[in-house]
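The values are calculated or read from the model by the stated rules, or taken from the named source; none is laboratory data. Everything numeric here is computed off the predicted structure, so don't read it as measured data. Using ideal geometry, Cβ is built from the backbone for each residue, glycine included, and neighbour counts are taken over all protein chains shown. Note: areas computed on protein heavy atoms with side chains; ligands, DNA, RNA excluded. Shrake-Rupley method; radii C 1.70, N 1.55, O 1.52, S 1.80 Å.
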Amino acid sequence: MVGLVTAGLIVNYLARNTLSVAAPTLMSELSISTEQYSHIVVAWQVCYALMQPVAGYIIDAIGTKMGFAIFAVAWSAACAAAAFATGWQSLAIFRGMLGLTEAAGLPAGVKATTEWFPAKERSVAIGWFNIGSSVGALLAPPLVVWAILQSGWELAFLIVGALGVLWSGLWLLLYKHPRDQKRLSDTERDYILSGQESHLKDVPTQKGSWKKIITSRNFYAIASARILSEPAWQTFNAWIPLYLMTERHMNIKEIAMFAWLPFLAADVGCVLGGYLSPFFHKYCKVSLFTSRKLVLLFGASCMIGPACIGLVDSPYTAIALLCVGGFAHQTLSGALYSITSDSFGKNEVATATGMGGMFGYLGAAAFTLVFGVLVTKIGYSPLFVVLAIFDVVAAIVVWNVARELPKQPDPVAVEPGSAPLLPTV
C-alpha cells in the first residue's frame, strides 16, 4: 500500500515539477517574463490551496479509493492540457486547473496511511510515501530535458498526463481498506486495527467538521507551521532550475545533471524523518507526540544550510546547500503530517490535512508573488535566508502550541493480545 501511494505521489509531483524544468525553454519560446512566470506559479498555488480542504472533505466523504482515483484522472488531463498553451495566460489557466485537481494527493496519502498503519509505525509509513513528492521532482529534470531534446517541451506534459491515467487504473484495481483486503491474515489485520488510537477507530456516525477542526489548538499550530514552512518547498520546486541557469550560469544539460540532487536529498529526509520519530521516542524517553516535535525541530535547524548559499562561489557547493534544504524540509514536512494524523479522527484526517495544506499554499503563493518581484532586484540569497527563518519559527510555534490529545494510550506499547501502557511523558 505504501508503494502504491508513493507511486501516486510521484506522478502528482512529476506533473507539478514539469513546468519548472521546462521553464527556461518555455519562457523563451512563449516570450514569458520572470514576473509572468511567477504569476503562472501563483495560479497553481492559489487553486491548490483553496481546493485542499474541499478535496480532503470529498475524500473523507466518498472514501480513499474512489476519491484518489477521480482526482488523479482529472490532474492527468489538466497536466496534458498545458501542452496546448500559447502564452502565459493560457498556461496559467491550465496550471490553475492542475492545482485544483492535484490538491487531493497528500490528503489521500495521509488518509490511506492512517487506515493501513498502527500509530507506532505511521511516521515511518508517511516518511516512505512522502518520498513520492521528491522522487517526482527528482525525475522531472531528466524526463523534461529528454522530451525537449527529442520533440519539445509539449511532449513532457503529455507523457506525465499519460502516466497519471495509468496509475489511476492500478489504484482502482489494487487499493482496499485493510478490513476488505483478503490477502491479509487475521493476525495482521488485528495488529493494524488494534494499534490505532481510539479516535481512529471506526465511528460510523462521525463526520468531518471544518468548524471543529479549524477551532482546535493543534490545527492552529499545524496551519501556522504550514504557512511558514511551505514557501521553502515551493521555492525549491519552482525556482531551482531558473536559479541554476541565471545565477550559476548552467546550461540545460547541466541542469538535467544536477537539478534533481536536492530532491534526492529530500528523499533521504522523508525516510530518515520517519524513523527519527520512533528513535527519539525510544532513546529520549519522550511520548510519541513529543518525538514528532523533535523531528520538526531537527529539520528546521538544518535549514541553516540553504540560508548560507549566498556565501559560496562554487555552483556545486550551492547545489550541496540546496540538498541540505531539500533534506531539511521533507524531514519537518513528514513530522507535520504525523502530527496531523495523531491529532484528528478517522473521518477528519484528510479534511484536516487539506485545510492545513490550504493555509500552507496560500502562504507559498504570497511568498512567490514577492519572490517574483524581489528576485530581480536583490537576488536569491536574501530570500533563502528568509525561508530558513520561517522554518525555525514554524518549529517553535508547533513546539509551544501543539498538545497531545488527552487520555490516549501510548500505541507504541500496544502489542496484540496485551494491554496498553501509559505514555512515558
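Remarks
- Cα gyration tensor shape of the range 1-152, rounded if a/c is under 1.5, else prolate or oblate by comparing a/b with b/c: prolate
- Each part gets one Cα centre, and for the range 98-158 versus the range 258-277 those centres are 13 Å apart.
- 3J(HN,Hα) couplings calculated from phi for the range 218-226 with the Karplus curve 6.51 cos²θ - 1.76 cosθ + 1.60 (θ = phi - 60°) are, in sequence order, 5, 5, 4, 5, 5, 5, 4, 5, 5 Hz; Gly and Pro show x.
- Sites N251 and F84, calculated FRET efficiency, Cβ-Cβ separation with R0 30 Å, nearest 0.05: 0.65
- Rounded accessible area of H249 (nearest 10 Å², 1.4 Å probe): 150 Å²
- Net charge of the neighbourhood of C79, taken over other residues with C-beta under 10 Å away and scored Lys/Arg +1, Asp/Glu -1, is +1.
- Once the Cα-Cα distance is subtracted from the 0.36 nm per residue extended length, the T215 to L184 segment shows a gain of 7.3 nm.
- Listed residues L322, L362 arranged by accessible area, highest first, probe 1.4 Å: L362, L322
- Bridging of K182 to aspartates and glutamates at a Cα separation below 20 Å is possible for E115, D190, D202, once same-chain residues fewer than 8 apart are set aside.
- Residues whose amide H lies under 5 Å from that of N347, counting only those 5 or more places away or on a different chain, are absent; hydrogens are built 1.01 Å from N in the peptide plane.
- Residue-normalised accessible area of the chain, given per residue in Å² at a 1.4 Å probe: 38 Å²
- Cα gyration tensor, the chain - rounded (a/c under 1.5), prolate or oblate: prolate
- Using heavy atoms of the protein chains and a probe of 1.4 Å, the accessible area assigned to C284 is about 70 Å².
- Available extension along the chain between A366 and S28 is 119.1 nm, counting 0.36 nm per residue and deducting the alpha carbon span.
- Amide hydrogen neighbours beyond the local backbone of M250, cut-off 5 Å, H modeled: M245
- Remark: relative contact order (the chain) = 27 percent; criterion is Cα-Cα distance under 8 angstrom and separation of 6 or more residues.
- The chain, accessible surface, carbon-and-sulfur percent (1.4 angstrom probe): 69 percent
- Rounded to whole numbers, the Karplus 3J(HN,Hα) couplings from phi for the range 305-318 are x, x, 5, 8, 5, x, 8, 10, 9, 6, x, 6, 5, 4 Hz, using 6.51 cos²θ - 1.76 cosθ + 1.60 with θ = phi - 60°, and x at Gly and Pro.
- Each residue of the range 50-55 is assigned a 3J(HN,Hα), and the resulting list reads 5, 7, 4, x, 5, 4 Hz, derived from the Karplus form 6.51 cos²θ - 1.76 cosθ + 1.60 (θ = phi - 60°), x at Gly and Pro.
- Under a 5 Å amide H cut-off, with hydrogens placed 1.01 Å from N, Q181 pairs with nothing among residues at least 5 apart or on other chains.
- With a Förster radius of 35 Å applied to the beta-carbon distance between S381 and L166, the computed FRET efficiency rounds to 0.25.
- Axis of helix 153-174 versus longest Cα principal axis of the chain: the two differ by about 10°, to the nearest ten degrees.
- Given K120/K282; K65/K293; K65/K282, the pairs whose alpha carbons are separated by over 23 Å: K65/K293; K65/K282
- Residues of the range 368-395 falling in the label zone of S301, defined by backbone nitrogen less than 19 Å from a point 7 Å along Cα to beta-carbon, are 388-395.
- Rounded if a/c under 1.5, otherwise prolate or oblate - the range 93-252, Cα gyration tensor axes: prolate
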